[in-house]
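S.K.: Dumping the structure here so I can ask a few things about it.
The values are calculated or read from the model by the stated rules, or taken from the named source; none is laboratory data. Since the model is a prediction, treat every value here as computed from it, not as a measurement. Heads up, the Cβs are rebuilt from the backbone with ideal geometry, glycines too, and the neighbour counts pull from every protein chain shown. Calculation scope for accessible area: heavy atoms of the full protein, side chains included, ligands and nucleic acids excluded. Shrake-Rupley method; radii C 1.70, N 1.55, O 1.52, S 1.80 Å.
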Amino acid sequence: MSVLSLRFSRAFETYEEWALPQRKSADLLLSMKRVEGLSLDVGCGTGFASRGLKKVVGVDISKGMAKVYKDRFGKVLLANAEALPFQDKQFHLVISNFSLHWTNLKKSIPEMVRVCRGQMLIALPVEGSLKELGFPFPSESAVLNLVKSEGVKVLESFMQKLEIPFKGWDLLRFFHYTGTSFNPSKEGVIMSRKKIEDMISHIDTPLFSVLFLSCEVKA
């Protein structure tokens, strides 16, 4: 089990109480016009982005999250977004909320396109998010260029700033209780308590800059 999947699994009981910007992002994503039919939720977590979808399958790397999702929606597979275990053009709608920044986009986005035969909806935090932490968020332009290079049509694209309503040590608890405390750019780095305190003291308004995309994928 990877470090990331382990952290998400440990956080499955506290995730929904603390993941307020992730929930808001899912609300905005689901408010966008979408097609009906068999749907796939990539990086489904506990199912924020699956609400209201009639026929939906979830995919996640976390056993804990997958267990919650299965109890609610019925169908979920433990799998990586970079190698989706589905046939080509299997889903009318492929949706992903707040998960692709944990993946290699050059692998996960082509996989989403491959299994889609209708619409792809994505909400993805990009550069500008939590600048003080140095997390390697992708740039808006890089995501758009990658999506377009897959031959899909971008129907709608907009940016939205989502505030994280926690500060100080509660901000650290937010990362811990949502399983998102892992920073790949600082892997293996041990930080002292003072360094952590100094870091969070400089974050006045923690927020995510989120890119929302609606794309048409030809069957």
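S.K.: Given contacts defined as C-alpha pairs under 8 Å and at least six residues apart, what's the relative contact order of region 14-150, whole-number percent? Don't skip to the end; give the middle numbers.
M.R.: Working: 239 pairs, mean separation 29.8, N = 137.
Result for region 14-150 is 22 percent.
S.K.: For region 114-126, take each phi angle, set θ = phi - 60°, evaluate the Karplus expression 6.51 cos²θ - 1.76 cosθ + 1.60, and give the result in whole Hz per residue in order, putting x for glycine and proline.
M.R.: 4, 8, 9, 9, x, 9, 10, 10, 9, 10, 9, x, 10
S.K.: Starting from 0.36 nm per residue, how many nanometres of slack lie between Lys131 and Lys89 once their C-alpha separation is accounted for? Working shown, then result.
M.R.: Details: separation 42, 0.36 × 42 = 15.12 nm, distance 3.73 nm.
Stretched fully, the Lys131-Lys89 segment lengthens by 11.4 nm.
S.K.: From the convex hull of the Cα coordinates of region 1-97, what is the mean projected area in square nanometres? Intermediate results must be reported in sequence, preceding the final value.
M.R.: On the way: hull surface 24.3 nm².
Averaged projected area of region 1-97's Cα convex hull equals 6.1 nm².
S.K.: Determine the share of region 1-109's accessible area contributed by carbon and sulfur atoms, expressed in whole percent, with a 1.4 angstrom probe. Walk me through the numbers on the way to the answer.
M.R.: On the way: 2700 of 5250 Å².
Answer for region 1-109: carbon and sulfur cover 51 percent of the accessible area.
S.K.: For the residue pair Asp170 and Arg72, what label-to-label distance in nm results when each label sits 7 Å from Cα along the Cα-to-beta-carbon direction?
M.R.: Taking the simple label geometry, Asp170 and Arg72 are separated by 2.3 nm.
S.K.: For labels at Ser157 and Ser181 in the simple 7 Å Cα→Cβ model, what's the distance in nm?
M.R.: For the pair Ser157/Ser181, the computed spacing is 3.6 nm.
S.K.: Further question on the same structure: Counting other Cβ atoms within 10 Å, which trypsin sites (Lys or Arg not before Pro) in region 91-123 have at most 15 and lie in a DSSP loop? Please list the in-between numbers first.
M.R.: Values: sites: Lys106, Lys107, Arg114, Arg117; in loops: none.
The qualifying sites: there are none.
S.K.: Something else about it: Per 10 Å bin from zero, what fraction in whole % of the C-alpha pairs of region 139-218 is there, up to the bin with the longest pair?
M.R.: Calculated P(r), rounded to whole percents: 14, 34, 26, 20, 6, 0.
S.K.: Can I ask one more? Can you pull the Rg over Rh of the chain, Cα-only, Kirkwood? Write down the numbers at each step before the final one.
M.R.: Numbers: Rg = 16.8 Å, Rh = 17.6 Å.
Rounded to two decimals, Rg/Rh equals 0.96.
S.K.: In the structure shown, do any of Lys106/Lys218; Lys55/Lys218; Lys167/Lys194; Lys67/Lys153; Lys24/Lys218 have a Cα-Cα gap over 26 Å, and if so which? Spell out each step's value before the answer.
M.R.: On the way: Lys106/Lys218 19 Å; Lys55/Lys218 20 Å; Lys167/Lys194 16 Å; Lys67/Lys153 34 Å; Lys24/Lys218 29 Å.
Table pairs above 26 Å Cα-Cα are Lys67/Lys153; Lys24/Lys218.
S.K.: Only sites in a loop by DSSP and with at most 11 other Cβ atoms within 10 Å count here; which trypsin sites (Lys or Arg not before Pro) in region 137-218 make the cut? Can you show the working numbers first?
M.R.: On the way: sites: Lys148, Lys153, Lys161, Lys167, Arg173, Lys186, Arg193, Lys194, Lys195, Lys218; in loops: Lys167, Lys218.
Passing both the DSSP loop test and the Cβ count: Lys218.
S.K.: Rounded, prolate or oblate: which fits region 53-162, taking a ≥ b ≥ c as square roots of the Cα gyration tensor eigenvalues, rounded meaning a/c under 1.5, else prolate when a/b beats b/c?
M.R.: Working: a/c = 1.82, a/b = 1.25, b/c = 1.45.
Note, shape of region 53-162 comes out oblate.
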